């Protein structure tokens, strides 16, 4: 093989290797998918919503209210109409956009336990771990470690 052809072939093989390995590298910090919340008592599915991250509750370890035997509802929500909606399907990660910091998004997070919406951050901490942080008044924050649910 002439030297130029060998170089072209080597470049082609290198380009193919890079192209086929790139998706694997991109998925290392991929936020989309289904996540267990801390304690594994619920799952949230994170999806792309217009270039931002959004996430809804898709599973509850205890989906029914022990007092009523019926599906749990968003009872802490101050809006009477919303307080009657089932928790499954409620958006809790709202319009989180990239912050400029690698693997971090900022938007809002809804806490169904108290019915309030907070400034929120979703930060990938590993291929299958993330931190969800909610902050009130910009400095009083609570966070949870989420783990990716395996398909």
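Residues are listed down the side, and each one gets a yes or a no for (1) closer than 16 Å to residue 29 by Cβ; (2) touching a residue at least 60 places away in the same chain (Cβ under 8 Å):
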{"residue": "44", "(1), (2)": "no, yes"}
{"residue": "48", "(1), (2)": "yes, no"}
{"residue": "51", "(1), (2)": "no, no"}
{"residue": "81", "(1), (2)": "no, no"}
{"residue": "96", "(1), (2)": "yes, no"}
{"residue": "138", "(1), (2)": "no, no"}
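Return the residues of region 128-141 that are more than 17 Å from residue 54 (Cβ to Cβ) and part of a strand (DSSP E or B); say none if nothing qualifies. If you could, list the steps in order and put the result at the bottom.
First, pick out the residues of region 128-141 that are more than 17 Å from residue 54 (Cβ to Cβ): 128-129, 131, 135-141.
Hits for region 128-141 are 129, 131, 135, 136, 140, 141.
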| Which residues, taken from region 53-79, are in a strand (DSSP E or B) and touching a residue at least 24 places away in the same chain (Cβ under 8 Å)? | 53, 54, 55, 56, 57, 58, 59, 60
| Do you know which of the residues in region 103-127 that are over 15 Å from the mean Cα position of the chain (by Cα) and not in a strand (DSSP E or B) is surrounded by the most Cβ atoms within 10 Å (Cβ to Cβ)? | 112
| task | Tell me which residues, restricted to region 86-102, are within 23 Å of residue 62 (Cα to Cα) and part of a strand (DSSP E or B). | result | 86, 91, 92, 93
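Taken together, the values in this text are just the output of simple stated rules run on the coordinates, not laboratory data. As the structure is a computational prediction, the values presented were derived from the model and not from experiment. Here the Cβ is made from the backbone with ideal geometry for all residues, glycine too, and neighbour counts use every protein chain on show.
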